[in-house]
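J.: Okay, here's the structure, questions in a sec.
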Amino acid sequence: MIGAPHLVSDVMTGTVVALRRGATFKEIVRTMQRWHVSAMPVLADGDRVVGMVSEADLLPKEEFRDGDPGRWTQLRRLADLVKAGAVTAGDLMSAPPVTVEAGATLAWAARIMALHQVKRLPVVDEEGALRGIVSRSDLLKVFLRDDEDIAGEVRRDVVAELFPAPPEPIRVAVRDGVVRITGRVTDTALVPVAARLARAVEGVVDVDCSLLGPRRHPDLDPDLPDVGMTAPPPGAVGAG
């Protein structure tokens, strides 16, 4: 029902500065400075990504340059001390690399970044070869989507599918990514479904789904109020 989600391939950067295992410490620093990047993938044969080198991997060399770390530091920060003595990308890199495939959704890439606490992901093919890189800022590009574009998708893929013959016209308005759906529907049980599907449309910041049931007829049901239903906020749990 909902249009196809944006994929990593839609927002990734295709031209990537990368390193080979044998790149020296100073080569790495010069490359970072030249290309204004803070991390680079390390490649093996066939452009297969085998690790990542970031500024955080380089800093231990400066941190421990003048001092002789005590035993407590040696025990707690052994990995950093090893990197302080490393001189090539193969020794400095963090491995195995955290990667994502080009066909993954942006939501999946965001989950991987959050889980592994990384700011960028090398994009690889099925063989693990480098195809691009995606960053946090790339994943946020969907929120630049035009409001009317979002509204059109909600009308077409949510409202028209769930409520093909509403008793009154259903209105969809979007402002700064916030979707507001108003009008009357025959089956109010579908209102929470509409809210959930609208929230899944890419670029949507929030949803106010204020759909009501059909108007009452005083001659037929004088004691019944208009039936209305507002979708519960995300995470809300109904009373048992």
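Laboratory data are not the source of any read-out in this text; all were calculated from the coordinates shown. What you see is a predicted model, and the numbers here were worked out from it, not measured in a lab.
J.: When the chain is fully extended, how far beyond the present Cα-Cα distance does LEU140 get from SER210, taking 0.36 nm per residue of separation? Show your work: numbers first, answer last.
T.: Details: separation 70, 0.36 × 70 = 25.20 nm, distance 2.74 nm.
The LEU140-SER210 span can extend by a further 22.5 nm.
J.: Okay, next question. How much length is gained on full extension from GLU168 to HIS116, taking 0.36 nm per residue of separation minus their Cα-Cα distance? Walk me through the numbers before you get to the answer.
T.: On the way: separation 52, 0.36 × 52 = 18.72 nm, distance 4.84 nm.
Gain in length upon complete extension: 13.9 nm.
J.: Compute the Rg to Rh ratio over segment 137-205 from the alpha carbon atoms, using the Kirkwood formula for Rh, and round to two decimal places.
T.: Numbers: Rg = 12.4 Å, Rh = 12.4 Å.
That ratio equals 1.00.
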